[in-house]
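The values are calculated or read from the model by the stated rules, or taken from the named source; none is laboratory data. For clarity, every value in this text was computed on a predicted model and none was experimentally measured. Cβ coordinates were reconstructed from backbone atoms using ideal geometry, including for glycine residues, and neighbour counts include every protein chain displayed.
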Amino acid sequence: MASAACKPEQARVPPAVPLPTPPLTKFKVGLCQLAVTADKERNIAHARKAIEEAAQKGAQLVLLPEIWNGPYSNSSFPVFAEDIDAGGELSPSTAMLSEVSRRLKITIVGGSISERSGDHLYNTCCVFNTEGKLIAKHRKIHLFDIDIPGKITFQESKTLTPGETPTIVDTEVGRVGIGICYDMRFQELAMLYAARASLSSLRGAHLLCYPGAFNMTTGPLHWELLQRSRATDNQLYVATCSPARDAEAGYVAWGHSTLVGPFGEVLATTEHEEAIIISEIDYSLVEMRRTYLPLQKQRRGDLYQLVDVQRLNSQ
């Protein structure tokens, strides 16, 4: 009687349908933790070299950090902003990502850069497929506004505009949900990404990617905790990539780029210096973990629901 009352199929609206089959079961991911300077041309060339090294080591998916082409600061966002939609000379950072992904035949989740679109600035992540095509663009949904007296004060909302759309994309290495840094704190977004797909719109991610730049106050406490929480809550892989730490910068990043497995296990991580992490993702573990611990079948749809408005309106 109790199990019948759970109504797990009603815990998500619209209801779920089976998870998509990924195009491959195993592959290597490369996390490029980069030192970032005020020299944009240097940052672009440096990122290119790191991507090439990761690919040489077998990575089929490469992830870059948040704001990797210039300093992370409100004063720098307008200066380093690019017109991604225009491309070419107006967006040299994404032009490089397109060229190198096509040449190396890899998928790139291109961290994030400051994007100029009309009168607005966004913190934007671009995803490129193995043909060098821009297949997704995620604008940071939750802006990082924080004020901890004596520790850290930062307000992205002074210069940036929040994105309006969750971003999930089919790639050559599976279905990927994208968030940027502060987005990782909001489990609702990860739950939407993990929700099994509807017939009319993409959901059911195999992997969540969060380029991020946690700081020296929140990083030690929350960076790994949140990654493991999102992976454990949703029983999928979570990959993060941070800039390397620069103690002289105005904003000091925590570092510690990491890959977490679908049981919340840390599979690979690094310290705060520059590093390229290569690790394996095995999607068969996702279904295995979900079989062992069937959370999807145990949700209490009689007590609570997650309503995916985007999917609901598309039906």
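Among the residues of the range 257-272, is there at least one that is in contact with a Gly (Cβ under 8 Å, 6 or more places away or on another chain) and polar (S, T, N, Q)? Checking the range 257-272: at least one residue is in contact with a Gly (Cβ under 8 Å, 6 or more places away or on another chain) and polar (S, T, N, Q). Of the numbered criteria (1) surrounded by fewer than 24 Cβ atoms within 10 Å (Cβ to Cβ); (2) touching an Asp or Glu at 6+ places or on another chain (Cβ under 7 Å), the one residue 118 fails is (2).
Applying the criterion of being in contact (Cβ under 8 Å) with a residue 40 or more places away in the chain and either touching a Ser or Thr at 6+ places or on another chain (Cβ under 6 Å) or part of a helix (DSSP H, G or I) (or both) to the residues of the range 291-315, the residue that is surrounded by the fewest Cβ atoms within 10 Å (Cβ to Cβ) is 315.
In the range 121-147, the qualifying residues are those that are in contact (Cβ under 8 Å) with a residue 24 or more places away in the chain, in contact with a helix residue (DSSP H, G or I) (Cβ under 6 Å, 6 or more places away or on another chain) and assigned to a strand (DSSP E or B), and the one that is surrounded by the fewest Cβ atoms within 10 Å (Cβ to Cβ) is 121.
Among residues of the range 36-47 that are among the charged types (D, E, K, R), those with a Cβ under 9 angstrom from a residue that is at pLDDT 95 or above and part of a loop (DSSP other than H, G, I, E, B), sequence gap 6+ or separate chain, pair up as 39/70; 40/69; 40/70.
The residue list 236, 267 contains one member that is of a type outside the set (Asp, Glu) and either buried (at least 24 other Cβ atoms within 10 Å of the Cβ) or under 16 Å from the mean Cα position of the chain (by Cα) (or both), which is 236.
State all residues of the range 85-99 that are under 21 Å from residue 37 (Cα atoms) and touching a residue at least 12 places away in the same chain (Cβ under 8 Å); if no residue qualifies, say none.
Taking the range 85-99 as the starting set, the residues that turn out to be under 21 Å from residue 37 (Cα atoms) are 89-97.
The answer is 92, 93, 94, 96, 97.
Scanning the range 166-190 for residues that are aliphatic (A, V, I, L, M) and either surrounded by fewer than 18 Cβ atoms within 10 Å (Cβ to Cβ) or in a strand (DSSP E or B) (or both) gives 168, 169, 176, 178. The residue that is surrounded by the fewest Cβ atoms within 10 Å (Cβ to Cβ), among those in the range 279-290 that are charged (D, E, K, R) and in a strand (DSSP E or B), is 280.
Just one of the numbered conditions (1) of a type outside the set (A, V, I, L, M, F, W, C); (2) farther than 24 Å from residue 243 by Cβ; (3) in contact with a helix residue (DSSP H, G or I) (Cβ under 9 Å, 6 or more places away or on another chain) is not true of residue 304: (3). For residue 276, the criteria (1) assigned to a loop (DSSP other than H, G, I, E, B); (2) modelled with pLDDT of 95 or more; (3) crowded, with 17+ Cβ neighbours inside 10 Å hold in every case but one, which is (1). Taking (1) surrounded by fewer than 21 Cβ atoms within 10 Å (Cβ to Cβ); (2) touching a residue at least 40 places away in the same chain (Cβ under 8 Å); (3) part of a loop (DSSP other than H, G, I, E, B) in turn, residue 163 satisfies each apart from (1). Scanning the range 192-201 for residues that are crowded, with 18+ Cβ neighbours inside 10 Å and either at pLDDT 95 or above or within 15 Å of residue 312 (Cβ to Cβ) (or both) yields 192, 195, 197, 198.
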